Amino acid sequence: MNLERCSGVLLHPTSLPGPYGVGSFDQEAYDWLDFLVASQQTVWQVLPLGPTSFGDSPYQSFSTHAGNPYLLGLNRMVADGLLEAGDLAEAPSFPSDRVDFGGLFHWKLPLLKKAAGRLDASASTPQAADFRDFCQAEAWWLEDYALFMALKDAFDFKAWNQWPEELRLRHPEALEQARAQHAPALHAHRFMQWVFDRQWKALRDYGNQRGIRILGDLPIFVAMDSADVWTQTDLFHFDARNQPTVVAGVPPDYFSATGQLWGNPLYRWDRMRQTGYRWWIDRLRSALARHDLVRIDHFRGFAAYWEVPAEAETAVAGRWVQGPGADFFRVLQRELGDDLPIVAEDLGEITQEVLDLRDEFGLPGMKVLQFGFGGRADNLFLPHNYTEPFVAYSGTHDNDTSRGWYESSSTLEERDHFRRYFATDGRDVAWTMIRGVLASVARLAIVPLQDLLQVGTEGRMNLPGRAEGNWQWRFHRGALEPGVVERLAGMSRLYGREREKPVPFEPATPPSGQPA
């Protein structure tokens with residue numbers, strides 16, 4: 001991947017400030033892009049943007065193509081005439097420091113469906129015409145997704161493999177009847193995706209015009225309860241009743257005696273190959289239409305993946321199965337170009353086969369600084385061992401924050417190694433880590449916003465294996481003060497990651513009546 005020496009910040013849009021329970025594509029998102037420009041950054045990394053299910057994980061989405069309706073900017077919808085100001089007057093009192101997913105489900109989604117009912121798709125207005133054009137252009141995935149979500153609404157959000165047999169098995173007559181019966185719900189879900197598309201494109205264009213590139217995230221596996229699986233079960237390992245026979249996971253290791261049982265359905269790579277990997281090519285084209293670069297999570301699964309019987313209660317009984325390997329990426333190059341804009345998440349137990357696959361196609365891997373301490377000098381996660389074609393991180397969404405790591409997640413040996421390595425007393429851990437990755441030779445350095453703000457463990461985005469309390473962190477309006485801008489910009493210039501021309505930054509002031 002051809003990428004100049006630069007740096008960026010990891011922040012999921014849900015973590016942006018704002019008054020309605022979750023970060024969104026309202027003005028705060030544009031202020032965020034202004035912050036990146038002023039602080040000499042080039043890349044904004046986000047987590048998957050799809051609609052989330054129970055557990056709220058962006059890595060378990062109802063669709064690989066759809067956008068999350070929670071992210072829709074309500075003030076922008078008012079400005080566009082899609083909502084009325086009075087619709088927002090009775091908004092619940094949401095917390096400002098975390099995402100209230102339950103409150104959003106019960107307030108924001110009904111509000112969006114109400115707005116959908118006001119748009120006459122057959123009208124001769126510019127908005128109605130744009131809506132029709134969007135629905136026609138995206139019908140190849142949108143129609144199945146809208147029906148999938150309408151049926152989930154109708155069946156009290158049960159997973160599709162618990163629906164009546166005629167719908168679970170997609171009998172044509174049953175599907176046609178469902179489309180007619182649930183027409184208003186289909187319209188509402190089309191509407192939400194149209195608004196998402198309009199708002200995200202406007203935001204991305206704003207960033208691109210200012211030199212900001214969006215690094216997206218694509219999980220290698222898709223959720224069992226998704227429109228992607230329901231509509232194309234022949235591409236996955238399912239029995240005649242459309243129940244999975246094997247699922248994804250990882251084997252037992254030092255951290256877990258029983259491994260991790262993820263439960264995602266596994267691909268029939270033989271059938272994928274027979275179609276020229278068309279499903280995957282469509283998926284990547286869709287992702288690259290939304291982002292400039294894409295990180296593929298669990299890249300090692302293309303070389304080999306851990307297959308677990310669907311009835312197993314742990315991952316112990318699994319086995320390694322060969323993935324599609326180089327054949328898959330050669331097809332991607334023919335379809336998408338030789339220089340694939342892909343970052344390979346190559347963390348965990350990685351074999352030489354995985355490294356060879358990554359390097360054959362020139363895909364940068366990842367280095368996470370938090371993993372570098374407590375061992376020997378040849379630890380590949382220490383900056384002096386980095387090589388240029390990598391993306392260096394102080395931490396990721398699955399790590400504790402740098403300050404939280406030092407204060408509560410690290411061992412005595414790791415803390416001692418950290419202090420000796422950076423010749424520090426440990427009083428400025430987060431910015432010491434930031435300096436470590438920015439000073440490295442890695443072509444791209446990424447730091448989570450939590451580290452820029454020196455947030456402790458309370459800012460951790462995700463603790464793998466924890467069932468509740470993840471994905472909720474938000475920062476307050478006003479946290480992006482000039483001191484943070486100046487410090488990040490200065491460090492980026494010092495280590496040759498600056499932008500061509502400095503841009504002044506004016507901290508956002510809360511609109512009248514909105515909490516700071």
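Given Trp262, Trp306, which one is out of contact with any Lys or Arg (no Cβ under 6 Å at 6 or more places or on another chain) and more than 23 Å from Leu10 (Cβ to Cβ)?
When all the criteria are applied, what remains is Trp306.
For (1) farther than 25 Å from Phe101 by Cβ; (2) modelled with pLDDT under 95; (3) surrounded by fewer than 17 Cβ atoms within 10 Å (Cβ to Cβ); (4) over 22 Å from the mean Cα position of the chain (by Cα), each residue gets a yes or a no:
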position	(1), (2), (3), (4)
Tyr386	yes, no, no, yes
Phe390	yes, no, no, no
Phe418	yes, no, no, yes
Trp431	yes, no, no, yes
Val441	yes, no, yes, yes
Leu449	no, no, no, no
Glu458	no, no, yes, no
Glu486	yes, no, yes, yes
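Out of the residues in region 104-156 that are among the polar types (S, T, N, Q) and more than 15 Å from Asp197 (Cβ to Cβ), which is surrounded by the most Cβ atoms within 10 Å (Cβ to Cβ)?
Thr125
If we keep just the residues of region 225-245 that are among the aromatic types (Phe, Trp, Tyr) and outside any helix (DSSP H, G or I), which is modelled with the highest pLDDT?
Looking at the filtered set, the residue picked out is Phe236.
I'm trying to understand the selection: among the residues of region 82-97, which are under 17 Å from Gly117 (Cα atoms) and either open to solvent by 60 Å² or more (accessible area, probe 1.4 Å) or in contact with a Phe, Trp or Tyr (Cβ under 9 Å, 6 or more places away or on another chain) (or both)?
Leu82, Glu84, Ala85, Leu88
Scan (1) surrounded by 21 or more Cβ atoms within 10 Å (Cβ to Cβ); (2) touching a Phe, Trp or Tyr at 6+ places or on another chain (Cβ under 9 Å); (3) in contact (Cβ under 8 Å) with a residue 24 or more places away in the chain for the single condition Ser61 breaks and write down its number.
It is condition (2) that Ser61 fails.
From the set of residues in region 193-224 that are open to solvent by 30 Å² or more (accessible area, probe 1.4 Å) and outside any helix (DSSP H, G or I), which is nearest to Glu143 (Cα to Cα)?
Met224
Just to be sure before I move on: is Ala183 aliphatic (A, V, I, L, M), out of contact with any strand residue (DSSP E or B) (no Cβ under 9 Å at 6 or more places or on another chain) and closer than 23 Å to Ala223 by Cβ in the structure I sent?
So Ala183 fails the test.
Under 6 Å between Cβ atoms, at least 6 apart or on separate chains: pull out the pairs that start in region 6-32 with a residue that is under 20 Å from Glu498 (Cα atoms) and end on any residue that is part of a loop (DSSP other than H, G, I, E, B) and β-branched (Val, Ile, Thr).
Partner pairs satisfying both residue conditions: Cys6/Thr42; Gly8/Thr42.
Could you tell me which residue of region 488-499 is farthest from Ala442 (Cα to Cα), considering only residues that are open to solvent by 30 Å² or more (accessible area, probe 1.4 Å) and in a loop (DSSP other than H, G, I, E, B)?
Arg499
Between residues in region 406-422 that are on the phi < 0 side of the Ramachandran plot and residues that are in a helix (DSSP H, G or I), which pairs lie under 6 Å by C-beta distance while being six or more apart or on different chains?
Listed pairs, sorted by first residue: Tyr406/Val429; Ser408/Thr457; Phe422/Thr432.
Which ones in region 336-353 are of a type in the set (Gly, Ala, Ser) and touching a helix residue (DSSP H, G or I) at 6+ places or on another chain (Cβ under 9 Å)?
Hits for region 336-353 are Ala344, Gly348.
Using the structure shown, decide if Leu293 is touching a residue at least 24 places away in the same chain (Cβ under 8 Å), surrounded by fewer than 18 Cβ atoms within 10 Å (Cβ to Cβ) and within 29 Å of Arg213 (Cβ to Cβ).
Taking the combined requirement at face value, the residue does not satisfy it.
Can you tell me which residue among Gly276, Gly263, Gly249 is surrounded by fewer than 19 Cβ atoms within 10 Å (Cβ to Cβ), part of a strand (DSSP E or B) and either modelled with pLDDT of 95 or more or under 24 Å from the mean Cα position of the chain (by Cα) (or both)?
Criteria check complete, one pass: Gly263.
Looking at region 321-366 only, could you name the residues that are open to solvent by 70 Å² or more (accessible area, probe 1.4 Å), within 27 Å of His397 (Cβ to Cβ) and without any contact (Cβ under 8 Å) to a residue 12 or more places away in the chain?
Residue satisfying the conditions is Asp359 alone.
Determine whether Phe94 is farther than 29 Å from Thr231 by Cα, touching a residue at least 60 places away in the same chain (Cβ under 8 Å) and of a type in the set (Phe, Trp, Tyr).
yes
Residue under question is Leu284, and the condition is that it be at negative phi, touching a helix residue (DSSP H, G or I) at 6+ places or on another chain (Cβ under 8 Å) and aliphatic (A, V, I, L, M); does it hold?
yes
Return yes or no: is Leu453 of a type in the set (A, V, I, L, M, F, W, C), under 23 Å from Arg295 (Cβ atoms), in contact (Cβ under 8 Å) with a residue 24 or more places away in the chain and open to solvent by less than 10 Å² (accessible area, probe 1.4 Å)?
no
Return yes or no: is Tyr20 within 21 Å of Phe191 (Cα to Cα), open to solvent by 20 Å² or more (accessible area, probe 1.4 Å) and of a type in the set (Phe, Trp, Tyr)?
Spelling it out, Tyr20 is indeed within 21 Å of Phe191 (Cα to Cα), open to solvent by 20 Å² or more (accessible area, probe 1.4 Å) and of a type in the set (Phe, Trp, Tyr).
The values are calculated or read from the model by the stated rules, or taken from the named source; none is laboratory data. Predicted model, so just to flag it, every value in this text is computed and none were measured. Please note: Cβ atoms are built from the backbone with ideal geometry, for glycine as well, and neighbour counts cover all protein chains shown. Side chains included, ligands, DNA and RNA excluded: accessible areas come from the protein's heavy atoms. Shrake-Rupley method; radii C 1.70, N 1.55, O 1.52, S 1.80 Å.
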